[in-house]
Amino acid sequence: MNHQITEIKKLLYKYHSNTATREEVEQLFNLMARHDNSEQVKQLLQQELADTETQEVNNKRWNDLFERIEEEITGLETTQHSFLGVLRWWGAAASVLIFIAASFFFFNQRQNKLQLTVQKKTQFDIKPGERKATLILASGEEITLTDGLKDTISKSENLSVVIDDQHAIHYQAGKVVPVGENKLVTGKGEQSPYYLLLPDGTKAWLNAASSITFPTAFTGKNRVVKITGEVYFEVVHNARQPFQVKAAGQTVEDIGTSFNINAYADEPEVSTTLLEGSAKVINVTQSVVLKPGQQALSNTGSSISVKQADVAAIMAWQKGLFKFKDADLRLVMRQLARWYNVEVRYEGNIPNRKFSGEVTRNLKLSQMLEVLSYYQVHFEVKKEKDNSVIIVKP
């Protein structure tokens with residue numbers, strides 16, 4: 001190992017343990033930015049990854065480092081560096097982010113490490129999902145929602161749509177409340193930048209490729225909304241007017257609750273995960289009452305099974321993460337397809353592998369595939385007319 005790599009290893013350890021001075025941090029990034037060091041640096045951090053597979057992985061420690069490096073990149077905008085210096089620092093820091101992301105996302109295999117093989121053919125890049133949604137009013141008016149909106153975004157005689165200081169979309173009615181059906185929608189590659197504040201005070205957050213259909217006022221015996229995709233709710237309980245969510249042939253009824261529903265059409269089951277309170281899950285054959293930390297799984301017309309949930313993994317999307325625990329490759333790729341707005345195809349017999357770990361959703365597709373490439377996954381990315389495709393191979 002040459003002197004520069006020895007120095008990188010020493011400085012990375014100090015940076016990792018939060019004991020590096022500003023001058024040492026600058027030295028670290030400058031050393032890592034040198035092209036003649038790149039392969040050795042990659043091997044060094046791969047060794048760090050290999051070591052973590054023989055001991056308990058300290059995710060918080062790596063996550064703290066990841067966040068600090070992101071702050072370094074942001075900090076470049078407010079410090080005095082030459083243009084070339086900024087590019088050099090950013091490139092090095094971005095490389096470190098990929099390496100650290102890879103250390104989060106480790107391949108779980110009992111006997112053989114890193115047994116898959118990687119083939120990457122990327123001629124273009126795809127940005128991660130954006131903070132965007134579409135609000136469709138009962139009148140048919142469509143409002144595109146992006147970051148930075150505030151105050152009244154639509155106004156009619158008896159109803160205004162407002163985005164408040166808490167980043168909530170809500171409705172302000174006049175003397176006469178017009179009851180109409182509204183819809184909040186996210187496409188593939190989108191996540192709503194605002195949560196929806198329903199007329200009763202219930203809050204709803206939408207993941208990518210999701211929708212919620214809701215009235216401007218709850219006037220019936222029940223407060224009913226309909227969803228597709230994945231939505232997280234924090235419900236204001238009212239026993240006299242139960243809150244109900246209808247999704248893919250089942251109904252979830254609040255009994256004082258926060259819960260997440262995953263009802264994507266391409267998932268094998270509809271899953272309802274309870275975080276707090278109590279909730280009843282009902283389909284055509286039975287109903288079950290969930291306790292906090294439990295998850296109900298069901299298909300249309302089938303019985304409902306209940307198991308303990310990995311709540312952190314299920315709610316990772318709200319924190320800007322992909323998080324997996326013993327997930328198969330197809331589940332991982334379904335999430336990537338929705339977030340990057342791509343189609344995923346498979347060629348040959350795909351091995352039944354299990355993945356565990358977490359990685360930020362802020363990576364570009366090429367960076368995400370770079371993370372996967374540390375575990376030697378075969379893939380090919382290509383453009384077909386207006387559609388981007390990832391081909392996964394054994």
Task: Count - residues of the stretch 243-255 that are touching a Ser or Thr at 6+ places or on another chain (Cβ under 6 Å), surrounded by fewer than 20 Cβ atoms within 10 Å (Cβ to Cβ) and either assigned to a strand (DSSP E or B) or aliphatic (A, V, I, L, M) (or both) - done: 2
Task: Count - residues of the stretch 282-322 that are basic (Lys, Arg) and closer than 19 Å to Trp205 by Cα - done: 1
Task: Count of the stretch 283-297 residues which are crowded, with 20+ Cβ neighbours inside 10 Å and closer than 18 Å to Ala239 by Cα - done: 1
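Here is a yes/no grid of residues against (1) part of a strand (DSSP E or B); (2) under 21 Å from Ala209 (Cα atoms):
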position: Asn352; (1), (2): no, no
position: Asn362; (1), (2): no, yes
position: Met368; (1), (2): no, yes
position: Val392; (1), (2): yes, no
TODO: Could you tell me which numbered condition Ala337 fails, if it satisfies all but one of (1) part of a strand (DSSP E or B); (2) modelled with pLDDT of 95 or more; (3) small (Gly, Ala, Ser)?
DONE: (1)
Task: Residues located in the stretch 305-336, provided they are more than 22 Å from Ile350 (Cβ to Cβ), small (Gly, Ala, Ser) and surrounded by 15 or more Cβ atoms within 10 Å (Cβ to Cβ) - done: Ala309, Ala316
TODO: Starting from the stretch 198-210, keep only residues that are β-branched (Val, Ile, Thr), then list their pairs with residues that are part of a loop (DSSP other than H, G, I, E, B) and surrounded by fewer than 20 Cβ atoms within 10 Å (Cβ to Cβ) whose Cβ atoms are within a distance under 9 Å, requiring at least 6 positions of separation or different chains.
DONE: Thr202/Val236
TODO: Those residues that are out of contact with any Ser or Thr (no Cβ under 6 Å at 6 or more places or on another chain), part of a strand (DSSP E or B) and among the β-branched types (Val, Ile, Thr), I need them from the stretch 258-288; list them, please.
DONE: Thr272, Thr273, Val288
TODO: Taking Val236 as the residue in question, decide whether it is under 24 Å from the mean Cα position of the chain (by Cα) and in the same structural domain as Gly140 (by TED's automatic domain parsing).
DONE: no
TODO: May I ask you to verify whether Ser287 is over 29 Å from Ser160 (Cα atoms), touching a Lys or Arg at 6+ places or on another chain (Cβ under 6 Å) and free of Cβ contacts under 8 Å to residues at least 40 places away in the same chain?
DONE: yes
Open item on the list: Restricting to the stretch 122-144, and then to whatever is under 23 Å from the mean Cα position of the chain (by Cα) and outside any loop (DSSP other than H, G, I, E, B), can you tell me which residue is farthest from Lys382 (Cα to Cα)?
Closed with: Leu135
Open item on the list: Among the numbered criteria (1) out of contact with any helix residue (DSSP H, G or I) (no Cβ under 7 Å at 6 or more places or on another chain); (2) surrounded by 15 or more Cβ atoms within 10 Å (Cβ to Cβ), which one does Val392 miss?
Closed with: (1)
Open item on the list: The conditions are (1) modelled with pLDDT of 90 or more; (2) of a type outside the set (Phe, Trp, Tyr); (3) more than 15 Å from Pro193 (Cβ to Cβ), and Lys155 fails exactly one of them. Which is it?
Closed with: (1)
Open item on the list: If a residue must be surrounded by fewer than 18 Cβ atoms within 10 Å (Cβ to Cβ) and modelled with pLDDT under 85, how many such residues does the stretch 367-384 contain?
Closed with: 1
Task: Count - residues of the stretch 206-220 that are at pLDDT 95 or above and either buried (at least 20 other Cβ atoms within 10 Å of the Cβ) or farther than 15 Å from Asn260 by Cα (or both) - done: 8
Task: Residue match in the stretch 304-320 (condition: more than 18 Å from Thr273 (Cα to Cα) and at pLDDT below 95) - done: yes
Open item on the list: Name the residue that is nearest to Ala309 (Cα to Cα), counting only residues in the stretch 261-276 that are over 16 Å from the mean Cα position of the chain (by Cα) and polar (S, T, N, Q).
Closed with: Thr273
Task: Residue check, Val284 touching a Gly at 6+ places or on another chain (Cβ under 9 Å), of a type in the set (A, V, I, L, M) and over 27 Å from Trp339 (Cβ atoms) - done: yes
Task: Qualifying positions in the stretch 377-390 - of a type outside the set (Val, Ile, Thr) and part of a strand (DSSP E or B) - done: His378, Phe379, Glu380, Lys382, Lys383, Glu384, Asn387, Ser388
Open item on the list: Go through the stretch 239-253 and report how many residues are of a type in the set (D, E, K, R) and over 25 Å from the mean Cα position of the chain (by Cα).
Closed with: 2
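The values are calculated or read from the model by the stated rules, or taken from the named source; none is laboratory data. It should be emphasised that the depicted structure is a prediction, and the values quoted were computed from it without experimental measurement. Please note: Cβ atoms are built from the backbone with ideal geometry, for glycine as well, and neighbour counts cover all protein chains shown.
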